[in-house]
Amino acid sequence: MNPEVVRELARGELARLRALSNVLVEGIAVFCADGTILEANLGLGALLGREPRDLIGRPMADLFAVPPPALPAAMRSAEVSLAGEGGAVPAELHVRTIELLGRQHVLLVFQDLRARRAAEERISRNARHDPLTGLRNRLGLEQALLAEQTRAERYGADFAVLCLDLDGFKAINDVHGHPAGDEALRIVAQRLTEVTRETDLAFRLGGDEFLILQAYTAEAHQSARLAERLVEAIGRPFLIGDVALSLGVSIGIAHFPTHGRDVDELLRNADAALYKAKQEGKNTHRFFDPSLNEALQRRRAIEAELMHAIDRSELDLTYEPEMEAASGAVIGFEVRLRWNSSRLGTVDPSVFMPIAEDAGLMTALGEWTIYEACRLAATWDRPLGIGLRISLFQFSSGDLALTFVQALRASNLDPSRLRVDLSEATLTKGGKRVAETLAKLRSLKVKLGLDEFGTGPASINALHEGGFDQLKLDPAGLREDDEALRRLRAIIAVGGVFGLRIAAPGVATPAQRDRLAALGCHVILGEVVSPPRAIQAFAPFTGAAAAPKPGGSGTLAAMRELLGQFQPASLPVLVVDDSEMVGDTLSAMLTAFGFAQVDRATDGGSALKKLRQRRYGLVISDWNMVPMSGIELLNRVRAEPSLRALRFLMLTANARSASRIEARNAGVDGFLVKPFRPDALALKIRELLSVPQDLDRVG
C-alpha cells in the first residue's frame, strides 16, 4: 500500500481515537512500543495542567512525579503520583492494550483521586472532631495521648492532662433549651482555644466534658496557671440572644509520669482530681494525689449500687415533724429520702443525691419518693400534711406535674395535704419551666412552699405570682444578733403581707423556739421537736401503728385489681430489652400483675419478627439497644400499617426532655424512666390501656 495512504489512514484512526477519548473525563495516554507518548486526551491535559499536544512524543516517565516500579497487570490498578504543573497529583492507573494499524499499543487510563482523597480526609477529620464545637473528640484522644507519651519517654518532654466539667450547664440546657446549650458549648470551645497554646490540644469528650492535653509541661505551676486562665475565661458572662448567662468549670489535673505511667492511669487520676474539685466548691482546680483514688472508687461504687436501690427495696423515707408554734401540736411532716445500701451501709443524702443527679438517676429516685410519700400518708387515720423538697433537676427533667397527678390518683391522697417545697435558688434559676410546673401544681390544689427564703434574689412579684402557702427561713439566719433579728422581722412581715405561713427550721432549744414564736413564726422544726425518724416512731400522731412495706403482697394485689378491667390474662405483651436482668425483672412484674402471655426479644430486629408473626396488645421496649434501638423499632412499627396501632411504652435511663420529645415525635404512647417502682409501671400501663387505640394510625 502506498505509504502516503498508510499515513492518512493512521491519521484518521488517531483522530477517531482522540475524538473518542476527549469525551471521557479520565486522562488517557497511548504509547508506542519504545515508551513515547503517541496520543493524549484533554482529560490527561487537565489532570496535569498542560496542553495534550505538548505531551505527544515525550517519554512515559515524564508523566510521573514518582515513577512506579512497574505498571500494573491487566485488570488490576495502582495508585500513582503524576507530575502536575502545580505539584504531585494522586491518580489511579489502569493499563490496557489496543490495536492501532495492526500493531499493539499500550493505553494508560488515569482517574483523578483528589476529590476522593479530600472526601476521605473530611470523613476522617469528622470522625476525629466534634461537629458542634470543632474540637477533637474522644476518638482522637487515645492516639494523641499515646503520641505524647512516646515523645515524653523518648525526649523527656513531660505533659499534663486537664479534665474539665462545666458547672451550671444543665441549668442552661434545661431552662433555656438545647439550642442555648449548644451555643454555650461553642462559646466554651472558642474560649478554650483562645487560652491554650498552639502545642496544646483541646478535646470535647461529650456533653459538658472537655479535656486539655498540655504539652511540654513538667512543672505543676504551669498547669495551675493554665487552669486559672481557664476558670477565668469560661466564667466570663456571655449573651445568647438577649439573655445574659454564665458558667463555671471544675478542673482535675494529672501529670505524666508523676501521676500515671500509662494513658489509662493518667485519665483515671485526672478524673479523680476533677471529682475532688467538684466536691470542694466547683469553679476551681485540683491536682491528683493518691488519696483521691479511694474517694473516686467510693463514688463509683455508690453510683453502681444506686442503680439497683429501688429494685432491692433499699430506699426508705424519714419524717421530720412540723410543730405548730401556737399550740405545740404536730401538724405535718417534712419527708426526706433515706438509703440503706445492703453493700455500702447507710449513705447520707448529701453524698448520694449529687451522684444521682450526675448519673441521671435523680428523676427515678424523686418519683419513688413522691409515690411512696403519698401512699403512706394516705394510710394515716389523721389527715396530717407532708412536705416534699423538689430540686431544680427534678423540675427540669421529666413531667413533674404528671408524676404528682399519677401519685395522688394511685394513693387517693387529698391533694391539700401535700406541699411541694423548692428553694429560692430553684425558683430564680428555673425560669419558665418551674413557673409553668408550679401553676399546674396549684391547679391540683397542692400547696407550695419556698425554702431558704432570704438567701437569694427572689422578688416580691415571685412571691405573689408563685402562689406560695409557706415560707421557710434560712437556718443560718436564725442567729440572735441585732442584724439577724432585723432581717428576720422583715421576712416575717413580708410573709404576713401575703398571708403566708412562716416555718423556722433547725430550732435546737426551747428558748429559741419561744423567741421565734413571739416574733411571729407559725411552724417550728428541729431538735427541739424531733430529729427525722421513720414514720413508725410517730404512730401516736398519725394514728397508724405501722406502715406497709412497698412491693408487698398487698401492693401486688392492688396492682392486679388496678389492671383487672383490661383482662391482662388475654392480652399478649412483648418485652424488648438487651439486658437479661431487666428483661427478667419486667417479665416477673408483668406476670405478678396478671399478664399470662409475656414474650421476650433482645433487640429491635427480633422484636419486629415477633410482631409480624403474632398480634400483641402492648410493646414495652428499652431505648438503648444494638443493633436496632428502641426508637428505631418504634419508627419501623409506626411505618407498617398492620402494626401502626400497637400501644408502645418506652423505657430509658435518660430522663432528659429531648429524649421524651424524640420518642413522642416518633409516636410513643408512654414513657417511663428506669429504674422504676412496680406501681409506677402498673399505673403507666393502665394509662396506656385506658386510651383508645389511635384510629389515625390504622392503615
message: Using only the alpha carbons of region 310-384, what is the convex hull's orientation-averaged projected area in square nanometres?
response: 6.2
message: How many angstrom lie between the Cα centre of region 599-625 and the Cα centre of region 314-337?
response: 46
message: Roughly how far apart, in whole Å, are the Cα centres of region 95-153 and region 293-311?
response: 45
Under-5 Å amide H pairs with Ser341, H placed in peptide plane, nonlocal only: Thr346, Val347
- request: Give me the Kirkwood hydrodynamic radius of region 167-288, using the inverse of the mean 1/r over all pairs of distinct Cα atoms, in Å to one decimal.
  value: 15.0
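Distance check, please: which entries in Lys276/Lys447; Lys170/Lys609; Lys429/Lys472 exceed 28 angstrom between their Cα atoms?
Values: Lys276/Lys447 38 Å; Lys170/Lys609 40 Å; Lys429/Lys472 18 Å.
Too far apart for the 28 Å limit: Lys276/Lys447; Lys170/Lys609.
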task: Enter the angle in degrees (range 0 to 90, nearest 10) between the Cα long axis of helix 178-195 and the first principal axis of the Cα atoms of the chain, meaning the one along which they spread out most.
output: 70
message: Using amide H atoms built in the peptide plane, which far-off residues or other-chain residues are under 5 Å from Arg600 H to H?
response: Val575
query: Using all Cα-Cα distances in region 112-205, what percent lands in each 5 angstrom bin from 0 up to the longest?
result: 2, 11, 16, 19, 17, 14, 10, 6, 3, 1, 0
query: For region 348-431, what number results from the quotient of the Cα radius of gyration and 2.2 N^0.38 Å?
result: 1.13
field: Gap separating the Cα centres of region 232-281 and region 395-424, nearest whole Å
entry: 36
query: Where does helix 220-235 land angle-wise versus the long Cα axis of the chain, in degrees 0 to 90, nearest 10?
result: 70
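Using square roots of five times the C-alpha gyration tensor eigenvalues, list the equivalent-ellipsoid semi-axes of region 560-660 in whole Å, biggest first. All intermediate terms of the calculation are to be shown ahead of the outcome.
On the way: eigenvalues 87, 54, 35 Å².
After diagonalising the Cα gyration tensor, the semi-axes are 21, 16, 13 Å.
Based on a Kirkwood Rh over C-alpha pairs, give the Stokes-Einstein translational diffusion coefficient of region 244-342 at 20 °C and viscosity 1.002 mPa s in µm²/s. Please report the intermediate quantities before stating the final value.
On the way: Rh = 16.9 Å.
Answer, rounded: 126 µm²/s.
State the antiparallel share, in %, of DSSP beta bridges confined to region 312-542, rounding to the nearest 5.
Values: 16 of 37 bridges.
Rounded to the nearest five, the antiparallel share is 45 percent.
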query: Helix 138-155 sits at what angle to the longest principal axis of the chain, using alpha carbons and giving 0 to 90 degrees rounded to 10?
result: 70
task: Report the antiparallel proportion of the DSSP beta bridges in the chain as a percent, rounded to a multiple of 5.
output: 60
- prompt: Once the principal axes of the Cα atoms of region 312-542 are found, what is the range along each, listed largest first in whole angstroms?
  reply: 50, 41, 34
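Every number here is computed from the coordinates shown, using simple stated rules; none is lab data. This is a predicted model, so every value here is computed, not measured.
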